[in-house]
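What follows is one structure encoded as structure tokens, with my remarks underneath.
The values are calculated or read from the model by the stated rules, or taken from the named source; none is laboratory data. Quick caveat, the model's predicted, so the values are computed rather than measured. Here the Cβ is made from the backbone with ideal geometry for all residues, glycine too, and neighbour counts use every protein chain on show. Accessible surface is based on the protein model in full, side chains and every heavy atom, while ligands, DNA and RNA are left aside. Shrake-Rupley method; radii C 1.70, N 1.55, O 1.52, S 1.80 Å.
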Amino acid sequence: MLTLSSDFGTPYPAAMKGVLLSNTDARLVDVSHEFPRQDVRTAAFWLRELLPYFPPAVHLVVVDPGVGTDRAALVVRAGDHALVGPDNGVLVPAARRLADGNDIEAFVIADDEAESSTFHGRDVFAPAAAAVHEAGIDSVESLDRCTPADGIEELSFPEPTHRDDAIAGEVLVVDGFGNAITNVPGEVLDDSFGDSITVNDERAPVERSYAHVVSGERLVTVGSHENVELAVNRGRGERAFDVAVGDPVVLTDV
């Protein structure tokens, strides 16, 4: 299996699929091509949440605002999976989760002969992903390894901080439904369901699902990602709570 993820929208993914289908008979599965344009952190968050549900696969990931620069092109081996994409941190959170506590290994793909300096998804990453799929994940050993001294671009998500009866976090992403997903772990709400808490100085009910409040009402809940999210039943949480990606979220009385 070979998955594809990008911020390309349409029609560019078709070119990558054409290259893949010319070089492998792998089953192709789209994860998403609608990640926010050039937003490495948001793509990294969703890949970390989604890719672990796949069986062993090669994952082609192209969210690459540095295309054509001296950023490296990588294959990252993580357990029984391989991730192919740019060295800008987008691969790392998913790779660490797929590795399940084991080390991840990174290898450099040559990209100096790419036909285009603006479409490495087609000219560099797709051929590399097809080659890894056909030869097997262990074939990456034939590539130049990134040593610890070389390093790869790391990407991590901020941790919430605790103070007295409050927890200070931030909005990591906003999903397509308008749910503002924070970096606060859902377990902090374990004793608050059916009650209410203060979110940035305003009270809101804490419920286990959206339909526990009437349509249009705000709520605080725990999403499938196991993080606290700010939501509205049949509405947009980021508007109702007046927050955006990167904004602080302070939960009080939790």
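Could you tell me which of the residues Phe177, Phe157 is open to solvent by 70 Å² or more (accessible area, probe 1.4 Å), touching a residue at least 24 places away in the same chain (Cβ under 8 Å) and part of a loop (DSSP other than H, G, I, E, B)? So that I can check it myself, show each step before the final result.
Numbers: Phe157 fails: open to solvent by 70 Å² or more (accessible area, probe 1.4 Å).
Unique residue meeting the criteria: Phe177.
Of all residues being out of contact with any Cys (no Cβ under 8 Å at 6 or more places or on another chain) and open to solvent by 20 Å² or more (accessible area, probe 1.4 Å) in the range 67-86, which is nearest to His33 (Cα to Cα)? Just the residue, please. Spell out how you get there, then give the answer.
So the first thing to find is which residues in the range 67-86 are out of contact with any Cys (no Cβ under 8 Å at 6 or more places or on another chain), and the list is 67-71, 73, 75-86.
Filter once more, keeping what is open to solvent by 20 Å² or more (accessible area, probe 1.4 Å): 67-71, 77, 79-80.
Details: Val67: 17, Gly68: 20, Thr69: 22, Asp70: 24, Arg71: 22, Arg77: 22, Gly79: 25, Asp80: 24 Å.
That would be Val67.
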Residues within the range 109-134 that are at pLDDT 95 or above and either aliphatic (A, V, I, L, M) or open to solvent by less than 40 Å² (accessible area, probe 1.4 Å) (or both), tallied: 12
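Can you work out which of the residues in the range 19-33 that are in contact with a strand residue (DSSP E or B) (Cβ under 8 Å, 6 or more places away or on another chain) and within 11 Å of Ala126 (Cβ to Cβ) is surrounded by the fewest Cβ atoms within 10 Å (Cβ to Cβ)? Show your work before the answer.
Initial filter on the range 19-33 (in contact with a strand residue (DSSP E or B) (Cβ under 8 Å, 6 or more places away or on another chain)): 20-21, 24, 26-33.
Imposing the further condition that a residue be within 11 Å of Ala126 (Cβ to Cβ) reduces the set to 20-21, 24, 28.
On the way: Leu20: 23, Leu21: 13, Thr24: 19, Leu28: 16.
Filtering first and then ranking leaves Leu21.
Taking the criterion of being surrounded by fewer than 17 Cβ atoms within 10 Å (Cβ to Cβ) and under 22 Å from Glu154 (Cα atoms), would at least one residue in the range 44-54 satisfy it? Show your work before the answer.
Restricting attention to the range 44-54, the residues satisfying the condition of being surrounded by fewer than 17 Cβ atoms within 10 Å (Cβ to Cβ) are 50, 52-54.
Within this subset, residues satisfying the condition of being under 22 Å from Glu154 (Cα atoms) are 50, 52.
Yes - at least one qualifying residue is present in the range 44-54.
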For the range 1-89, which strands (runs of 3 or more DSSP E) that fit wholly inside it have 3 or more residues that are more than 27 Å from Gly176 (Cα to Cα) and in contact (Cβ under 8 Å) with a residue 40 or more places away in the chain? 73-78
Quick one: Gly101 ticks every box in (1) in contact with a helix residue (DSSP H, G or I) (Cβ under 6 Å, 6 or more places away or on another chain); (2) in a loop (DSSP other than H, G, I, E, B) bar one, so which box is it? (1)
